[in-house]
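Report on one structure; see the data block that follows.
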Amino acid sequence: MKVLVIGGGGREHAIAWRLAKSPRVEALYVTPGNPGIADCATCVDGAGGWLETAASLGVDLTVVGPEASLVAGVVDEFRASGRKIIGPTKAAAQLEGSKAFSKAFLERTRIPTAAAVTVDDLELAKKHLGDFGYPVVLKADGLAAGKGVIIAANEAEALDALTKLPRGRLVIEEFLTGEEVSFIVLADGERAWALEATQDHKTLLDGDLGPNTGGMGAYCDGRIISRTQAASIMETVIRPTLDGMIAEGIPYTGFLYAGLMMTAAGPKVLEFNCRLGDPETQALMHRMDSDLVDTLVDGAEVRWKTDPSVCVVMAAHGYPAQVRTGDPIEGLPYCEGSVFHAGTRAGALGGVETAGGRVLGVTASGPDLPSAIANVYRDVARIRFDGMQFRTDIGKKGLARW
Ligand code: AMP
Ligand code: GLY
């Protein structure tokens, strides 16, 4: 079959890399793609629109990577013209598109989450800042690429944060403690197929310090949560979410990503994303053993390799604030694992250069987590560009479970 992937980041490179291994895929297109993706798929510019691109290529199946196209309604558009596409409708994508919608939905359906209050203006925000004590979590309402959340240690920091977040609706939320887990399922409206749990590293610096980013690395080793915990997440979070969305008249289809805090009182939802995670997908696709098309088209259960996988993000100078681009990247041919491209472009002197915040997702595996970590950092050490930033502790929390 002919398959189209929408997007051009590290997540889409990993999806395309996995799809390219399927004997069922006779042609693979990615729009817009990137120089790394061009190694395993045909990149098309798609300037005429996603649906038009899919139609002109005669595509049988489309997989959407980024949230923006989902929130813009690409799934509704494809379905209206009878084309198969994996993702939620525009209405269902509000679970990610609006923090206020998703918070109200969680409360209505009694899914465990942090206590919160939604406010519409600055005066009300100031009034409710201390409602849950400190530290307090402040979340902007719209899409913010993982950067619309500020954790403030005290009132002074919280007041300062109010000046930095976009104006308008804001969610003020109780601070939860525990380990974070990314739990992603593929849903068909009624049923859900769970992927293996992964763990992201949201902040820029080692030891979970520094500002929040889109994600600086992830790993997947089959030990992040137990079978019992996975079953409990399905029962207390995923099932009620799918049922709740049916009750609201907007059944959820596509990948649903629950960002969870494993608290002493059980898993609680920090956020929903209406798509696969980035960089979680790089670790997931590296470890997947079965044919992704069998799962997407026929609902086959996913099989996983026993070897854990680890993805380390290498980011550009200035990320997550003002990013510098145009730094030449060296060493890519010497890597042994998979280097998924995100913010890269063809360089002036051949080769590739930086073109965005998160530049590369260096991904490797090994027979156990310590070796997977050693292997990925061996590849990271082979890559060089001016201003590169990466964490040196990706997967470290997982070592306690080995
Ligand atoms: P979100 O975009 O809602 O996932 O928030 C981004 C990151 O902020 C999360 O991955 C957590 O690390 C942190 N965070 C969000 N909400 C909370 C909370 N209620 N308690 C503690 N940390 C949080
Ligand atoms: N890695 C977090 C996300 O994709 O939202």
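The values are calculated or read from the model by the stated rules, or taken from the named source; none is laboratory data. These numbers come from a predicted model, not from an experiment. Every residue, glycine as well, gets a Cβ built from its backbone with ideal geometry; the counts of neighbours run over all protein chains shown. In case anyone asks, the SASA skips ligands and DNA or RNA and just uses the protein heavy atoms, side chains included. Shrake-Rupley method; radii C 1.70, N 1.55, O 1.52, S 1.80 Å.
Applied to segment 372-380, the Karplus parametrisation 6.51 cos²θ - 1.76 cosθ + 1.60 on θ = phi - 60° returns per-residue 3J(HN,Hα) values of 4, 5, 4, 5, 5, 6, 5, 5, 4 Hz, with x for Gly and Pro.
Normalising the average separation of contacting C-alpha pairs (under 8 angstrom, six or more residues apart) by the number of residues puts the relative contact order of segment 86-183 at 33 percent.
With the convex hull drawn over the C-alpha atoms of the chain, the volume per residue is 137 Å³. Only aspartates and glutamates eight or more places from Lys397 in sequence, or on another chain, were considered; those with a Cα closer than 15 Å are Glu179, Glu180, Asp200, Asp206, Asp208, Asp221, Asp368.
On segment 78-219, 53 percent of the accessible area sits on carbon and sulfur atoms, based on a 1.4 Å probe. Computed with a 1.4 Å probe over protein heavy atoms only, the accessible area of Glu196 comes to about 30 Å². Here Lys103 is the anchor, and the lysines within straight C-alpha reach of less than 16 Å, apart from those fewer than 8 places off in the same chain, are Lys139, Lys268. With springs connecting C-alpha atoms under 10 Å apart, model the chain as a Gaussian network and identify which of Asp221, Asp76, Asp121 has the largest mean-square fluctuation. Answer for the Gaussian network model of the chain: Asp121.
At a 1.4 Å probe radius, carbon and sulfur cover how many percent of the accessible area of segment 348-402? Carbon plus sulfur share of accessible area: 56 percent. Normalised Debye scattering of segment 313-356 at q = 0.21, 0.24 Å⁻¹ gives log10 I(q)/I(0) of -0.70, -0.88, counting only Cα atoms as equal scatterers and leaving out solvent. Across segment 243-402, C-alpha contacts under 8 Å between residues 6 or more apart give a mean separation that, scaled by the residue count, equals a relative contact order of 21 percent.
Sorting the segments 19-28, 372-381, 297-306 by their residues' average number of neighbouring beta-carbon atoms within 10 angstrom, most packed first, yields 372-381, 19-28, 297-306. Accessible area per residue was computed with a 1.4 Å probe on protein heavy atoms; Thr253 scores about 20 Å².
Beyond 19 Å, the tail of the calculated P(r) for segment 1-93 holds 33 percent of the Cα pairs. Contact order for the chain, expressed relative to its length and based on alpha carbon pairs under 8 Å spaced 6+ residues apart, stands at 16 percent. Solvent-accessible surface of segment 236-345, taken per residue with a 1.4 Å probe and all protein chains present: 35 Å². Residues in segment 20-91 average 43 Å² of solvent-accessible surface per residue, probe 1.4 Å, ligands and nucleic acids excluded.
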